[in-house]
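Engineer: One structure, as structure tokens, below. Some questions next.
The values are calculated or read from the model by the stated rules, or taken from the named source; none is laboratory data. From a predicted model like this one, the values you see are computed outputs, not experimental measurements. Cβ atoms come from the backbone with ideal geometry, glycine included; neighbour counts cover every protein chain shown. All accessible areas refer to the heavy atoms of the entire protein, side chains included, with ligands and DNA or RNA removed. Shrake-Rupley method; radii C 1.70, N 1.55, O 1.52, S 1.80 Å.
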Amino acid sequence: MKRVLVLGSTGSVGTQTLDVLSGLDGSHRVVGLSARGSIDTLVAQARATGAEAVCLADEDAAARLRSSGDLPSGCALLAGADGLVELVERVAADVVVCAITGAAGLRSSLAAAEGGGVVALANKESLVLAGHLVKEACRRSGATLVPVDSEHSAIAQCLRGQDRGGVRRLILTASGGPFRGRSREDLAGVTVEQALKHPSWDMGPRITIDSATLMNKGLEVIEACHLFDVPVEQVDVVVHPQSIIHSMVEYVDGALLAQLSPPDMRLPIRYALGFPDRLPAPGEPVDPARLGTLTFEAPDRDTFRCLALAERVAREGGIAGTVLNAANEVAVDAFLAGRLPFLEIPDVVEDALDAFPAQLEPGLPSILETDAAVRVHARAALQPST
Ligand code: MG
């Protein structure tokens, strides 16, 4: 029986992970859970799974839960950013699902990589900020990194069993988000509500905005370079609005291998939970005759500047990923709060990239310091418009 730890268990990927796990036949057991501050959901999950330990990253929330006595007896409660790392070390899981959103997931992903076993990585920021550290930790411990991002799961599946020397390009598919085909003029006054309406995927709010700006695809380009050890020149993006082909690998002989399935995160989650085996999915098999027409178009990097900025960062490497991500998180939060126009999100990111000097192979302290400094810088830059 595989012991599974789910970090970020109350979020979109976390709840879908528990949904997949609840349908498995005794092959997996949930041993730990974590959330930022969703006490009630976490308690319900702890009761349903019989987890040995849980962590609330928000220390105030943890204190409230501790005094309420709502947690089942025998389930340990940890708190804060240090508590997350302790949780990873304490439960010694065979599979750690890293599904915390944003830079907040970095330290626990690193701890999972250091612990060995399967690291089911949904937190792409861990690679964007510290890809070199995560991979080094995996090399030391023997951990296997299995992506829980539909595109990277597709590429990993298309690379499996193939000669890596025969790879010409990785081609990431992008749905194009809710604003595909729009011009800059069209996007001047878009609302939060419009940006949150993703045409094909149901995801958390930050990644949905990142999909609308194409920053999500940009982060995925950086993620792909780290995961598959390829330079950015070997990673392309194609817009595919139906989100049926989740990505492709082109080989030197011209063959394109692709992975197809309806857009549902439970497939990449199931793939990572079962790795190296495949777990059967419930429900009807896909009928190819009902998939409809699949179309492809080039991304518009002039309107969706975040993609071009991320590709610049993928070329620069080092600390640039941390700067890009931190500035983007601040900008997206400001947009969600109604304090920044949609079109100015890339301006905030570009300003930060120009302000912070390059640094190759930064250590964890430097990454965490820069992450904090960029947030201060980006918030200060936002002040005039508030
Ligand atoms: Mg993705």
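Engineer: Restrict the check to segment 112-123 and report whether at least one residue is touching an Asp or Glu at 6+ places or on another chain (Cβ under 7 Å) and either closer than 23 Å to Val232 by Cα or among the aliphatic types (A, V, I, L, M) (or both).
Structural biologist: Within segment 112-123, one or more residues are touching an Asp or Glu at 6+ places or on another chain (Cβ under 7 Å) and either closer than 23 Å to Val232 by Cα or among the aliphatic types (A, V, I, L, M) (or both).
Engineer: Counting residues that are in contact with a Lys or Arg (Cβ under 9 Å, 6 or more places away or on another chain), which helices (runs of 4 or more DSSP H) fully inside segment 1-77 reach at least 2?
Structural biologist: Answer list for segment 1-77: 12-22, 39-49.
Engineer: Of the residues in segment 208-218, how many are near the ligand (Cβ under 9 Å from one of its atoms) and not charged (D, E, K, R)?
Structural biologist: 2
Engineer: For the subset of segment 340-362 comprising residues that are open to solvent by less than 30 Å² (accessible area, probe 1.4 Å) and outside any helix (DSSP H, G or I), which member is nearest to Thr322 (Cα to Cα)?
Structural biologist: Taking the candidates together, the pick is Pro362.
Engineer: Follow-up question, since we're still on this one. What number of residues within segment 30-62 satisfy the criterion of being of a type in the set (Lys, Arg) and closer than 17 Å to Leu273 by Cβ?
Structural biologist: Qualifying residue count for the region: 0.
Engineer: Select from segment 115-157 the residues that are in a helix (DSSP H, G or I), away from the ligand (no atom under 13 Å from the Cβ), open to solvent by less than 10 Å² (accessible area, probe 1.4 Å) and within 14 Å of Ala224 (Cα to Cα) and list them in ascending order.
Structural biologist: Scanning segment 115-157 gives Ser126, Leu129, Ala130, Gly131, Val134.
Engineer: Continuing with this model, one more query. So how many residues does segment 234-264 have that are out of contact with any strand residue (DSSP E or B) (no Cβ under 6 Å at 6 or more places or on another chain) and of a type in the set (S, T, N, Q)?
Structural biologist: The number of residues fulfilling the criteria is 3.
Engineer: Let me ask something else about it. Please work out which residue is nearest to Ser126 (Cα to Cα), limiting yourself to segment 288-329 and to residues that are open to solvent by 10 Å² or more (accessible area, probe 1.4 Å) and touching a Lys or Arg at 6+ places or on another chain (Cβ under 6 Å).
Structural biologist: Ala308
Engineer: Here is a further query. Might you let me know whether segment 128-137 holds any residue that is acidic (Asp, Glu) and out of contact with any Gly (no Cβ under 9 Å at 6 or more places or on another chain)?
Structural biologist: Going through segment 128-137, the residues acidic (Asp, Glu) turn out to be 136.
Next, from what is left, pick out any that are out of contact with any Gly (no Cβ under 9 Å at 6 or more places or on another chain): 136.
Yes: one or more hits.
Engineer: Can you say whether Phe335 is buried (at least 18 other Cβ atoms within 10 Å of the Cβ) and in contact with a Phe, Trp or Tyr (Cβ under 8 Å, 6 or more places away or on another chain), as far as the supplied structure shows? Before you say what the answer is, go through the steps one by one.
Structural biologist: Values: buried (at least 18 other Cβ atoms within 10 Å of the Cβ): yes; in contact with a Phe, Trp or Tyr (Cβ under 8 Å, 6 or more places away or on another chain): yes.
Answer is yes for this residue.
Residues are listed down the side, and each one gets a yes or a no for (1) without any contact (Cβ under 8 Å) to a residue 60 or more places away in the chain; (2) farther than 24 Å from Gly117 by Cα; (3) surrounded by 15 or more Cβ atoms within 10 Å (Cβ to Cβ):
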{"residue": "Lys2", "(1), (2), (3)": "no, no, yes"}
{"residue": "Gly23", "(1), (2), (3)": "no, no, no"}
{"residue": "Ser34", "(1), (2), (3)": "no, no, yes"}
{"residue": "Gln45", "(1), (2), (3)": "yes, no, yes"}
{"residue": "Ala62", "(1), (2), (3)": "yes, yes, yes"}
{"residue": "Asp70", "(1), (2), (3)": "yes, yes, yes"}
{"residue": "Ser73", "(1), (2), (3)": "yes, yes, no"}
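Engineer: Please go through segment 208-230 and give me each residue that is surrounded by fewer than 21 Cβ atoms within 10 Å (Cβ to Cβ) and either among the hydroxyl-bearing types (Ser, Thr, Tyr) or touching a residue at least 12 places away in the same chain (Cβ under 8 Å) (or both), ordered by number.
Structural biologist: Listed by number, the residues that qualify are Phe228, Val230.
Engineer: Would you mind telling me which numbered condition in (1) over 12 Å from the mean Cα position of the chain (by Cα); (2) closer than 18 Å to Glu297 by Cα Leu267 fails?
Structural biologist: (2)
Engineer: Could you tell me which of the residues Thr370, Thr303, Thr322 is part of a loop (DSSP other than H, G, I, E, B) and among the polar types (S, T, N, Q)?
Structural biologist: After applying the criteria, what remains is Thr303.
Engineer: What pairs come out if I take residues in segment 246-261 that are at negative phi and pair them with residues that are of a type in the set (Lys, Arg) and open to solvent by 20 Å² or more (accessible area, probe 1.4 Å) whose C-beta lies under 8 Å away, six or more apart or interchain?
Structural biologist: Val249/Arg169; Glu250/Arg168; Glu250/Arg169; Tyr251/Arg168; Val252/Arg168
Engineer: How many of the residues in segment 181-207 are away from the ligand (no atom under 16 Å from the Cβ), in contact with a helix residue (DSSP H, G or I) (Cβ under 7 Å, 6 or more places away or on another chain) and either open to solvent by 50 Å² or more (accessible area, probe 1.4 Å) or of a type in the set (D, E, K, R) (or both)? First the steps, then the outcome.
Structural biologist: At the first step, the residues of segment 181-207 found to be away from the ligand (no atom under 16 Å from the Cβ) are 181-197.
Imposing the further condition that a residue be in contact with a helix residue (DSSP H, G or I) (Cβ under 7 Å, 6 or more places away or on another chain) reduces the set to 184, 187-188, 190, 192, 195-196.
Cutting the leftovers down to either open to solvent by 50 Å² or more (accessible area, probe 1.4 Å) or of a type in the set (D, E, K, R) (or both) gives us 184, 188, 196.
The total comes to 3.
Engineer: Still on this structure: Exactly one of these conditions fails for Met265: (1) closer than 27 Å to Gly26 by Cβ; (2) touching a Lys or Arg at 6+ places or on another chain (Cβ under 8 Å). Give me its number.
Structural biologist: (2)
Engineer: Across segment 273-292, what is the number of residues that are at pLDDT 95 or above and more than 13 Å from Leu24 (Cα to Cα)?
Structural biologist: 3
Engineer: What number goes with the only condition from (1) outside any loop (DSSP other than H, G, I, E, B); (2) at pLDDT 95 or above; (3) open to solvent by 10 Å² or more (accessible area, probe 1.4 Å) that Ile100 does not pass?
Structural biologist: Unmet condition: (1).
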